[in-house]
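For reference, the structure is listed below as structure tokens.
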Amino acid sequence: MIQAAQVASKFTLFTHHAKTFPNLVTALRNSMLRTGVFKNEKTAEEQVVQVLNFDIHLVKDFRGRRYIERVTECIPLEDKNDYTFEHQNEKTLEGKVQKFMDNATKYFTKVTNKELYKYVNIMEYINDEYVITNKISDYNLNEMRNNMDESDVEEFDRFIEKNWGHQTITHTIENETETSRRGRPKKQ
């Protein structure tokens, strides 16, 4: 399922029984490790979080009523090179050693406590109504827009403006020909 989601289509739909989003990631990671394809937990988890864009979590209450409890977005985290080179500006050996220790601490934290993703609930069912709780990432908003026709994009942008107070940030390449859905040239 993870391999198919990486290359097969624009989206992959599947069911699961995890109670929380971190439990879902852990269960999928462990399944990948059990297959023997992966030996390293972090590598397997990286593969999982690259394909989990959204989790739509359904529940069944004690009355037997099923409903969507929450919609959660998975946001993979990039490993940033945030080391400092300020040691070159230090005049004393003590200052240089302190800057080195700061970098060493960052390095060991990255190696031993590497966070691969964060997750946010986009919508939650609270007091018998659906409440939008967090903004969808600009990356996923743009991916959604790329798969809509012009009229849907306009309506979607109004929804974004109403709920989050701003438009999506669109990424364009200079001299790029405007295209409509699926890369076809826009009709004149």
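Only residues that are closer than 24 Å to Lys135 by Cβ, of a type in the set (S, T, N, Q) and in a helix (DSSP H, G or I) were counted in segment 25-55, giving 1.
Considering (1) hydrophobic (A, V, I, L, M, F, W, C); (2) in contact (Cβ under 8 Å) with a residue 24 or more places away in the chain; (3) part of a strand (DSSP E or B), the lone condition that Leu58 does not fulfil carries the number (2).
The condition (being out of contact with any Asp or Glu (no Cβ under 8 Å at 6 or more places or on another chain), of a type in the set (Asp, Glu) and farther than 21 Å from Glu73 by Cα) is satisfied by just one residue among Glu94, Glu161, Glu143, Glu115: Glu94. Kindly indicate whether Lys96 is part of a loop (DSSP other than H, G, I, E, B), outside the structural domain of Leu28 (by TED's automatic domain parsing) and farther than 26 Å from Glu115 by Cβ. Criteria not met by Lys96.
Residues that are free of Cβ contacts under 8 Å to residues at least 60 places away in the same chain and surrounded by 13 or more Cβ atoms within 10 Å (Cβ to Cβ) within segment 61-92 comprise Glu69, Arg70, Val71, Thr72, Cys74, Pro76, Tyr83, Glu86, His87, Glu90, listed in sequence order. Residues in segment 111-164 that are more than 21 Å from the chain's Cα centre (by Cα) and part of a loop (DSSP other than H, G, I, E, B): Asn127, Asp128, Asp149.
Residues of segment 114-137 being within 24 Å of Asp61 (Cα to Cα) and hydrophobic (A, V, I, L, M, F, W, C), which ones? Across segment 114-137, the qualifying residues are Val120, Ile122, Met123, Ile126, Val131, Ile132.
The values are calculated or read from the model by the stated rules, or taken from the named source; none is laboratory data. This is a predicted model, so every value here is computed, not measured. With ideal geometry, Cβ positions are generated from the backbone for all residues, glycine too; neighbour counts draw on all protein chains shown.
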